[in-house]
1. Identify the residues of the range 33-61 with backbone N under 12 Å of a label point that sits 7 angstrom from the Cα of residue 68 along the Cα-to-Cβ direction, or state none.
2. Can you tell me which of 184-195, 126-137 comes out highest on packing, and rank the rest after it, using the mean Cβ neighbours within 10 Å?
3. Provide the FRET efficiency to the nearest 0.05 for the residue 248-residue 292 pair, computing r from the beta carbons and using R0 = 30 Å.
4. Just need the relative contact order of the chain here, percent rounded to a whole number, with Cα pairs under 8 Å and 6+ apart.
5. Any chance you could run the full-extension gain for residue 134 through residue 172? It's 0.36 nm times the residue separation minus the Cα-Cα distance, nm to one decimal.
6. With viscosity set to 1.002 mPa s and temperature to 20 °C, compute the Stokes-Einstein D of the range 127-252, Rh being the Kirkwood radius across alpha carbon pairs; µm²/s, no decimals.
7. To the nearest whole percent, what portion of all C-alpha pairs in the range 82-149 is separated by more than 17 angstrom?
8. Counting just the Cα atoms, what span does the chain cover along each of its three principal axes? Round to the nearest Å and put the largest first.
Ligand SMILES: [Zn+2]
């Protein structure tokens with residue numbers, strides 16, 4: 001050991017002579033390799049011992065002892081009922097939304113740890129069960145679960161109806177439209193309809209009031225593609241044709257989008273270019289025109305919202321002045 005450490009120090013000093021400060025690392029590296037080798041040797045020895053009858057029986061006994069100790073002390077470390085505090089046992093536990101309870105506490109409100117009982121439990125809270133217990137009410141698991149399912153279905157149906165209503169409205173009344181984004185100056189709302197883009201979730205849409213739009217930002221990422229051409233000079237028919245080198249630069253755009261910032265930290269992104277697009281292409285010209293129109297529309301939205309806000313403030317100011325005059329009237 002001492003030999004290894006002194007060896008490492010010497011190695012560090014020796015290497016630093018040749019490689020500068022970085023050479024000092026040779027010492028710790030040397031020690032680390034030695035340590036790893038020692039650990040590897042010990043592990044190998046341990047494994048060899050493990051395969052003997054002695055190793056097997058001692059390890060086996062240790063595992064059995066650990067299991068017995070854990071089982072005996074289960075009361076101390078096991079999960080406990082959120083209501084009575086008794087240790088929970090597998091098969092006699094109900095898993096609620098926000099905690100576990102024992103079958104005895106669950107039984108007091110008529111719940112059993114069977115399949116329908118556990119389904120109902122998954123949408124119940126500990127407080128709900130406690131309140132039912134105190135009021136002497138029972139919970140009918142089947143009824144509770146079915147009621148929940150109906151509620152989910154109703155919510156879905158309401159959402160579907162709302163979507164179709166919005167879609168119909170914006171289709172008829174929109175003042176501007178860019179793909180799946182509708183503007184409506186009359187109701188002063190924006191409608192993002194992503195239902196067609198989504199296959200998994202049926203109705204994906206968002207509605208914003210004009211006044212929710214705080215700001216927007218155009219984000220553009222430029223990339224230049226540089227191609228290097230080299231032609232070597234050559235003698236042809238007695239004449240020398242000199243070689244040349246050429247760097248051709250193709251300016252491209254790899255990303256072009258507008259990010260909208262709404263109140264309550266909501267964001268929307270409209271991507272116009274995703275992937276390489278040459279700047280001399282027709283599609284890039286189209287994207288720029290579209291972006292210009294989009295930005296004009298967002299400016300228009302912000303203008304309307306600001307105008308409304310100013311009008312509202314004026315109303316408040318007027319009200320304030322009126323009050324002020326009243327209170328400052330001489331007595
Ligand atoms: Zn309990």
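Derivation of every value follows stated rules applied to the coordinates shown; laboratory data play no part. Remember, predicted model here, so these are calculated numbers, not experimental data. Please note: Cβ atoms are built from the backbone with ideal geometry, for glycine as well, and neighbour counts cover all protein chains shown.
1. 61
2. Numbers: 184-195: 17.0, 126-137: 13.7.
Per-residue mean Cβ counts within 10 Å order the peptides as 184-195, 126-137.
3. On the way: r = 30 Å, r/R0 = 0.98.
Here the calculated transfer efficiency is 0.50.
4. Values: 368 pairs, mean separation 23.6, N = 331.
Relative contact order comes out at 7 percent.
5. Working: separation 38, 0.36 × 38 = 13.68 nm, distance 5.55 nm.
Length difference between fully extended and current span is 8.1 nm.
6. Numbers: Rh = 21.9 Å.
In µm²/s, the coefficient is 98.
7. Details: 676 of 2278 pairs.
When every Cα pair of the range 82-149 is considered, 30 percent fall beyond 17 Å.
8. Taking max minus min along each principal axis of the Cα atoms, the chain gives 110, 93, 63 Å.
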